[in-house]
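To start, the structure under review is shown below, and the notes come after it.
The values are calculated or read from the model by the stated rules, or taken from the named source; none is laboratory data. These numbers were taken from a predicted model, which means no experiment stands behind them. Here Cβ is always computed from backbone atoms with ideal geometry, including for glycine, and neighbour counts include all displayed protein chains.
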Amino acid sequence: MCAVTYRLLQPDGSFRESDAPGTLGGNATLKIYGRLDCARAIASIPLGYGRHRVFFSDEKSAIAAGYRPCARCLPDQYAVWRVGPQALSPYPWTQRPHLKHTMPDPRELADPLREVSTSRIIGASPGAVFDAFRDPARLARWWGPDGFTSTFSEFEFREGGHWRLTLHGPDGTDYPNHNVFHEIVPGRRVVIDHVEGHWFRLTVTLDEAPGGRTRVGWNQRFDSVDERDRIASLVIPANEQNLDRLQAEVARSG
């Protein structure tokens with residue numbers, strides 16, 4: 001009988017064979033590490049998370065490899081990482097939130113093959129449409145596809161702010177979501193990163209249109225062409241439904 005071996009990711013990005021399994025798992029795309037029994041990671045495996053999963057022998061190796069702790073299953077470590085550079089902190093400077101890196105993240109680069117885009121003309125000013133984003137009570141009324149409702153547990157409407165919510169499906173299934181506001185330009189632009197599970201960036205632009213209306217641009221960028229192709233059949237109709245609900249919310253408050 002052949003002995004079972006395990007491939008563990010090392011700080012330099014290489015792998016080594018081990019007779020013992022890793023003590024922590026991680027997502028190679030999002031650069032997040034967490035417990036092997038992390039409920040969020042396990043729930044994401046059917047959605048393709050397994051393709052990006054890596055393992056570590058210990059937490060020190062994960063940190064040295066440039067990974068940050070999972071907010072869901074390692075909240076204490078995540079709180080330390082989120083604070084920012086500290087002399088006694090174990091996390092490397094390059095891993096800190098809001099730092100500018102010398103090399104661009106490939107996900108920052110535009111690539112139509114990784115994107116899903118649509119637009120909608122709404123009969124209100126850009127400022128009026130923007131108001132439907134910044135007010136959490138209003139946002140909760142229209143966010144998500146048809147039949148979904150949402151509950152917000154955290155909503156920090158500022159650049160770098162966190163937005164945690166649970167989408168409640170029409171069949172009773174709950175879908176936890178963790179987003180970060182990457183960029184906010186009042187009345188012009190809202191950029192949101194979906195940072196747990198499958199990564200994507202949603203860029204919403206608000207441009208003036210004739211007659212006092214607004215052209216709402218809606219662009220989702222995924223971390224790979226495969227991920228975009230896998231999920232496109234779901235997100236394309238869902239995005240149109242979301243815009244339908246946004247349009248109704250703006251008209252409701254107009």
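Here are some notes:
- Residue 208 vs. criteria surrounded by 17 or more Cβ atoms within 10 Å (Cβ to Cβ), in contact with a helix residue (DSSP H, G or I) (Cβ under 9 Å, 6 or more places away or on another chain) and among the charged types (D, E, K, R): no
- Here residue 138 meets the list (1) touching a strand residue (DSSP E or B) at 6+ places or on another chain (Cβ under 6 Å); (2) closer than 20 Å to residue 251 by Cα almost entirely, failing just condition (1).
Residue by residue, here is whether (1) basic (Lys, Arg); (2) under 26 Å from residue 43 (Cα atoms); (3) not in a strand (DSSP E or B) holds:
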| position | (1), (2), (3) |
| --- | --- |
| 145 | no, yes, yes |
| 164 | yes, yes, no |
| 170 | no, yes, yes |
| 180 | no, yes, no |
| 226 | no, yes, yes |
| 235 | no, yes, yes |
| 243 | no, no, yes |
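- Given (1) over 25 Å from residue 42 (Cβ atoms); (2) assigned to a strand (DSSP E or B); (3) of a type in the set (Val, Ile, Thr), number of the condition residue 192 does not satisfy: (1)
- Within the stretch 209-254, being among the hydroxyl-bearing types (Ser, Thr, Tyr) and at pLDDT 95 or above holds for one residue alone: 214.
- Among the candidates 215, 164, the residue that is free of Cβ contacts under 8 Å to residues at least 40 places away in the same chain and of a type outside the set (Val, Ile, Thr) is uniquely 164.
- Residues satisfying the criterion are absent from the stretch 36-51 (criterion: more than 20 Å from the chain's Cα centre (by Cα) and modelled with pLDDT under 65).
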